[in-house]
Amino acid sequence: MHGAVAIAVGTLALVAPLAVGLAVELNSDGMIALPAGLYMPFLRVRALNASNADATAARRIDAFRLDAEPVTNAQFLDFLIAHPQWRKSRIRALFADDRYLKRWPSDLEPADAGARDEPVTNVSWFAAEAYCKARGLRLPTTEQWEYALADEGRGRETVRARSLEWFAEPNGAHPPSVGGPPNGFGVRDMVGLVWEWTLDFAAYARTGESRDSDGKDSANFCGGAAAGVADATDYPAFMRYSMRASLKADYTADNLGFRCAGGAP
Amino acid sequence: MRVRSFGSGAAMAALLIAGAAFAASREDNLNDPITGQENAVLADAPNVPPPVQRDHATKIVVHLEVRELEGRLADAVRYTFWTFGGHVPGKFIRIREGDLVEMHLDNHPDNKMPHNIDLHAVNGPGGGAAASLTAPGHSSVFSFKALNPGLYVYHCATAPVAMHIGNGMYGMILVEPKEGLPKVDHEYYVMQGDFYTQGANGDQGLQPFSMAKVIDEKPEYVVFNGSVGSTVGDKALTAKVGETVRLFVGDGGPNLVSSFHVIGQIFDVVYPEGNLAAPTRNVQTTMIPAGGAAIVQFQMSVPGTFIIVDHSIERAFNRGALAQLKVSGEENKLVYSGKTFDLVYQPEGTGIRVAGQGQIVAPAAQSKAERIELGAGVFANNCQACHQADGEGVPDAFPPLAKSDYLNGDKIRAIKTVTGGLETKLTVNGHDFNGVMPAWSLSDEDIADVLTYVYNTWGNSGQEVTPEEVRAYRIKAQ
Amino acid sequence: MSHRLLFVAAAAALVAFGSGAACAHDMQHMTMDAPAEPTSASLYNLESKWTNQDGASVPLGALGGKPVVAAMGYTSCKDMCPAIVANMMWIERHMSEDAARRVTFAFFSIDSAVDTPAKLKVYADEHGLDPGSWTLFHGDDDAVRELAAALGVGYRPDGLGGFDHAAVISLIDDKGEIVVQQRGTQASSDELLAALNSLLEKRN
Ligand SMILES: [Cu+2]
């Protein structure tokens, strides 16, 4: 059905879905199988000697698996039991700042019983990657994550509206628990709970300053230039890229969590 | 009253003009040696830090803490503000030209968003923005040398910029010339900003930011110092007759340009665009660009309440861009006779105020007590700006509702005033008024509620007005 | 940038001598000073494996015991990397011969697919990088990603077989902790050089 409908619905739209007859599959490991497809990147990055056309071209995303929900405190606890070097008393300063697992009163104790189903927060990129690797997975790339959010153009307005609402809600003592409504792929809680790490968050390091008109800051960055964005009215997308740009791999924050990705099933 | 060194407006203006040769060159400021180190003294609007007393350049350490906080945008309207220092506008920073500023941007761990800072006082890429993108719970540090004196806006420039500014992320930095500024009796900080809520102006509760409205440049609120009524009543600016006042005025935007005006007060001196080198004199309204500033100075000649507005006037009366300067002291009938006044704003007849569409229909009152309670909200949103929270009005401009003989004398006349507006001369408690009371397109229910509230407050007669009475009046009037 | 490229040749000539002797000297340092357990903030907590331009496998921790001037790039980069390398050579050239020998200049390739050790060797020779003080490293995707994360070097494929990446030169102390970083090729290397010299003085 969405084969035709999804075409050119805007920024994050899938321009021409390659997979027909998409089945929402929740595997026993809590992961969703996402079909291969084309995806229109929000940031138009133009290589130094490439044409503008290249920058605006849709990108092909291979099929992959993605956690249906952000990783919870309960899941992270299991990881810490098996991998003591990532407990808060043991973590090396190289891998996380002082607020690592801030809400955890002690090494193997997520804030309280209610916190078990909340997304784990205050984890660094290093810790998130280590967790995913321990499951034989990786963090999703930024493109994979954005592709899952774009959801073939479905629910675009809902995503934007929910994002803006979430921006206006001050951080609570705890993030809400996982288990929100699924999008068309079956993926949940991509907005409204936490920001999420991506594997290559640092690849977008220059985008916090969006006013750089030609985008080419030759003194600091090699080769590429952001030749604009696909939709300048998509404020939540700007915000996601700014957030990624503001991070370093050892940073942790009260509203920053993650989920894992893997290859095609 | 304090004894002052210069008594007349002319003398002050002369002094200020004499200062026109302000400003060392960029080179001078670049080479000005740095001695010592200080922590910046910062101030929240409407206050301003004290003048710089130093005769040399120093290193100034500035800590700006970014806080995302829920606060009051208007009565019963809440909003999540993003702030430099906990308030909108951000902390006022005051330094001297030649100073070396070490800027710390501290993004509080409770925050959700990354932020940065672009100071228009900086010569360098992004005005510091490129060096200061900061994740929640982290700090960025950079430094700059103040090469050009003047009054400058600073703001967050993180993408999407209009949202960061639209949520209140702006403030000002004053780079004083070496000579300092001429002494005045009062200095105040006033900054305009436009806000874009999903609900229409007056819709109650926590209002989310509207992406669509900011893109259309159609704000619901235009305010001074961060909220409707931030600077009125007991929070008004104050001065005495004979004193000199300097306002540091900025416009954070994100979108609107301000036609800055003080009703009934001519600016003796204006430093347009915050430029200290070329002051102008005898100005009525000065234009302040979004992301720009101006310094205005004047001497108070007569007492009264002076209303500060964006003279793009719909914003003042319907969106909140209104503040007050209350001046006490002796009348001077020669300067101002007190019989006419400068407050007729009706370019096209009596303005009809249309309540916003899509407004949630309020539940109807079931009793007089409920009517009074609901009426208080209607009053705060629609009437208070002119008649004041204490119902006392503003002398010579807006008549009092408290113990008003006009009001208490005739209920039907009161209903007529609110439904149909009023612009004929009238006398309230022995004082003449000849202003414009707009006609209100409020529902019968709202008018009944607000009048019942007014009648049952401030020692008024205690009557009730019902929607039926309002409806009956309307039918009869047709 | 072009004037920097010019002095690459000159710098190469300057540092070319003295390399043979330095090698043996280095090995000694490594075994003597390398700490057993890296400090908490040390880069040597990274367990990634690398291969040098001579094809020898080297754990990152083997760099410990000496200050390191490190950068990431790739050999086919025509834009920023030559400038990064030239900046590093400028630093080397502005040190005394003796001091330069007590420092490792490390270039980590982000192009795992193309920059084989052999390719790195050719690059080193072409640029006249003194094998006594310079090491060029090849690592797999994971090693590159981890090190880039720890050094704060953003990079991404540019879609044309190359990469966009940040130009960052890091000064790392003998324990593996970052002392100072120089971002951008137009920035002066004076600060980094001064920090390096004071590190070396402390060790004396
Ligand atoms: Cu901001």
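The values are calculated or read from the model by the stated rules, or taken from the named source; none is laboratory data. Treat the numbers as computed from the prediction; the structure is a model and nothing was measured. Here the Cβ is made from the backbone with ideal geometry for all residues, glycine too, and neighbour counts use every protein chain on show.
Annotations for the structure displayed:
- Tally, over segment A:119-145, of residues that are part of a helix (DSSP H, G or I) and touching a residue at least 12 places away in the same chain (Cβ under 8 Å): 13
- When restricted to residues that are away from the ligand (no atom under 14 Å from the Cβ), among the β-branched types (Val, Ile, Thr) and at the interface with chain A (Cβ under 8 Å from one of its Cβ atoms), segment B:105-152 contains 0.
- Any hit, segment B:171-190, residues being in the same structural domain as B:Val41 (by TED's automatic domain parsing) and within 19 Å of A:Ser246 (Cβ to Cβ): no
- Strands (runs of 3 or more DSSP E) wholly inside segment B:289-338 that include at least 1 residues being at pLDDT 85 or above, among the small types (Gly, Ala, Ser) and within 24 Å of B:Ile173 (Cβ to Cβ): B:292-299, B:322-328
- Criterion violated by A:Glu69 - all others in (1) more than 30 Å from C:Leu43 (Cβ to Cβ); (2) touching a Phe, Trp or Tyr at 6+ places or on another chain (Cβ under 9 Å); (3) at pLDDT 95 or above satisfied: (2)
- Beta carbons closer than 9 Å, at least 6 apart along the sequence or on distinct chains, pair a first residue in segment B:102-117 that is without any contact (Cβ under 8 Å) to a residue 40 or more places away in the chain with a second that is part of a loop (DSSP other than H, G, I, E, B) and within 13 Å of the ligand (Cβ to nearest atom) for B:Pro109/B:Pro136.
- Note on segment A:79-116: residues that are more than 22 Å from A:Asn171 (Cβ to Cβ), in contact (Cβ under 8 Å) with a residue 24 or more places away in the chain and touching a Leu at 6+ places or on another chain (Cβ under 8 Å) amount to 6.
- B:Pro177 being within 14 Å of chain A (Cβ to nearest Cβ) and either within 16 Å of the ligand (Cβ to nearest atom) or under 30 Å from B:Ala131 (Cα atoms) (or both): no
- Residue satisfying condition, being in a helix (DSSP H, G or I), away from chain B (no Cβ under 14 Å) and surrounded by fewer than 18 Cβ atoms within 10 Å (Cβ to Cβ), within set A:Arg162, A:Arg116: A:Arg116
- Any hit, segment A:223-232, residues being surrounded by fewer than 19 Cβ atoms within 10 Å (Cβ to Cβ), facing another protein chain (nearest Cβ under 8 Å) and at pLDDT below 75: no
- When B:Asp106, B:Asp75 are checked against the criterion of being over 16 Å from B:Thr158 (Cα atoms) and not small (Gly, Ala, Ser), a single residue qualifies: B:Asp75.
- Count - residues of segment B:158-174 that are within 14 Å of chain A (Cβ to nearest Cβ) and in contact with a Leu (Cβ under 9 Å, 6 or more places away or on another chain): 2
- In segment C:133-150, residue nearest to C:Ala71 (Cα to Cα) [restricted to those that are within 17 Å of the chain's Cα centre (by Cα) and facing chain A (nearest Cβ under 9 Å)]: C:Ala148
- Restricting segment B:155-174 to residues that are under 19 Å from B:Leu237 (Cβ atoms) and more than 16 Å from the ligand (Cβ to nearest atom), the residue that is surrounded by the fewest Cβ atoms within 10 Å (Cβ to Cβ): B:Leu174
- Cβ pairs under 6 Å, 6+ apart, first in segment B:215-236 and farther than 17 Å from B:Tyr189 by Cα, second hydroxyl-bearing (Ser, Thr, Tyr): B:Ile215/A:Thr233; B:Pro219/B:Tyr196; B:Glu220/B:Thr197
- Residue in segment C:152-160 that is more than 18 Å from A:Thr141 (Cβ to Cβ) and more than 8 Å from every other protein chain (Cβ to nearest Cβ) present: no
- Top-ranked residue in segment B:82-102 [being within 15 Å of the ligand (Cβ to nearest atom) and part of a strand (DSSP E or B); ranked as nearest to A:Asn171 (Cα to Cα)]: B:Trp82
- Selection within segment B:264-315 - of a type in the set (A, V, I, L, M) and in contact with a Phe, Trp or Tyr (Cβ under 6 Å, 6 or more places away or on another chain): B:Leu276, B:Ala277, B:Val283, B:Ile288, B:Ile295, B:Val296, B:Val302, B:Ile313
- Against the list (1) farther than 13 Å from C:Ala71 by Cβ; (2) not in a strand (DSSP E or B), the condition C:Asp164 fails is (2).
- Residues being part of a loop (DSSP other than H, G, I, E, B) and over 28 Å from B:Glu27 (Cβ atoms) - total across segment B:42-66: 7
- All positions within segment B:105-125 that are closer than 16 Å to B:Ala146 by Cβ and surrounded by 18 or more Cβ atoms within 10 Å (Cβ to Cβ): B:Ile117, B:Asp118, B:Leu119, B:His120, B:Ala121, B:Val122
- Residue check, B:Thr452 under 29 Å from the mean Cα position of the chain (by Cα) and of a type outside the set (Gly, Ala, Ser): no
- Filter result (farther than 24 Å from A:Met239 by Cα, crowded, with 20+ Cβ neighbours inside 10 Å and more than 14 Å from chain A (Cβ to nearest Cβ)) within segment B:63-104: B:Ala74, B:Lys91, B:Phe92, B:Ile93, B:Arg94, B:Ile95, B:Arg96, B:Glu97, B:Gly98, B:Asp99, B:Val101
- Restricting the search to helices (runs of 4 or more DSSP H) fully inside segment C:63-132 and requiring at least 2 residues that are within 14 Å of chain A (Cβ to nearest Cβ) gives C:81-93.
- Options B:Gln388, B:Gln384; residue that is touching a strand residue (DSSP E or B) at 6+ places or on another chain (Cβ under 9 Å) and at pLDDT 75 or above: B:Gln388
- Filter pass, A:Asn171 being within 12 Å of another protein chain (Cβ to nearest Cβ), touching a Leu at 6+ places or on another chain (Cβ under 6 Å) and not basic (Lys, Arg): no
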